[in-house]
Amino acid sequence: MRKMMAAGLLALCGTLACVPARADWVPAFKGNDTGGIIAYTLASQADVRLLATEHCASYGKVVKFLAVDAQYGGYLSFACRWVPYGANARPLRTLY
């Protein structure tokens, strides 16, 4: 009986019960064609305006900063737009 209990306990520890918890890792800069986020800690190390502008320019768009969460673990969010706010020009035309 004790051998069966030990085997059961060993099997339980071999599964998720004895595996340490692990937090997911998120990159400091992440985005797509609609916008993205930049870690607030990266803001003190690099020019985030340049990073966001180059990212949106790779899709042929302009950048619009949306919000800043100025705390540890916070992010700067931005959107990639076809035409800047207040522009009188027509939207860009793309030929896909």
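Worth pointing out:
- In segment 32-61, the residue that is farthest from the chain's Cα centre (by Cα) out of those that are among the β-branched types (Val, Ile, Thr) and surrounded by 17 or more Cβ atoms within 10 Å (Cβ to Cβ) is VAL48.
- The conditions of being among the hydrophobic types (A, V, I, L, M, F, W, C) and at pLDDT 90 or above are met by ALA39.
- When residues of segment 51-78 are limited to those that are in a strand (DSSP E or B) and aromatic (Phe, Trp, Tyr), the one nearest to ALA39 (Cα to Cα): TYR75
The values are calculated or read from the model by the stated rules, or taken from the named source; none is laboratory data. Here the structure is a predicted model, which is why all the values come from computation and not from measurement. Neighbour counts run over all protein chains shown; Cβ positions are idealised from the backbone, glycine included.
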